[in-house]
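What follows is a short report on a single structure.
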Amino acid sequence: MQPRATGMQSRRGPVVLLVAALMLAGCAGYRLEPLSASHPAHPEAAAAPERPPSATLAYAPSDIPSVRPVSPVTAAPHEGHGSSPTGAGGAPTVVGEGEVVSTVPNASQIVVDHGEIKGFMEAMTMGYRVDPASLLAGLKQGDRVRFRIDVRRRAIIEIEKLP
C-alpha cells in the first residue's frame, strides 16, 4: 500500500511542467548576435598588446640579478647598540647583537635572533642579506655575534663573533 499524497504534493508535478514549458518557450526566440571584430572572442580580433616584464618578479634564473662584488669594508669602532651617523661610504648604519639561528651561504643570508636595535627595530628573529657573503665564513648556529647593518641597503656589512 502506498502512502497517500497530500494536496500540495499532488499539485507540484503540473506546476513544474508548466514552469519548464514557459522557460523553454521564452528561450526559443532568443538569438545571439554575431560577434563584432573588436570583440575579444572573435577569431579575427586583434591580440592584446604584450605586457612588459615585471620589475619585481623573477620568471627564470636569468632574471635574478647577479651579486656584484663589493669593495672591502673598513671596520669602524663599535659605539655599542644603536645607530651611528655613518658607516662605510657615509651610509647610515645601526649595530645589533644576537645569536645566529642559521646561515645560508649560497644566498648570502643569515638568520639572527637579536635584541632591540635602538631607533631601527624591535627585538626579533629575522633574516638579513650579508654583503659580502664572505662574512658568513666560520659562523654557525648558536654563535653570539655583533653586526652592523647598512640601513639604506638593509644588509649586514660587518659581523663580529662574540665570546
What does the charge dipole of the range 98-163 about its Cα centre add up to, to the nearest 20 debye, if the Cβ of each Lys and Arg holds +1 and the Cβ of each Asp and Glu holds -1?
160
When Arg152, Arg146, Arg31 are ordered from fewest to most other Cβ atoms inside 10 Å of their Cβ, what list results?
Arg31, Arg152, Arg146
State the answer as a single residue: which of Ala107, Leu162, Val145 lies farthest towards the positive end of the charge dipole of the range 98-163, with beta carbon charges of +1 for Lys and Arg and -1 for Asp and Glu, about the Cα centre.
Ala107
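Laboratory data are not the source of any read-out in this text; all were calculated from the coordinates shown. All values derive from a computational prediction rather than experimental measurement. Note: ideal-geometry Cβ built from the backbone for every residue, glycine included; neighbour counts use all protein chains shown.
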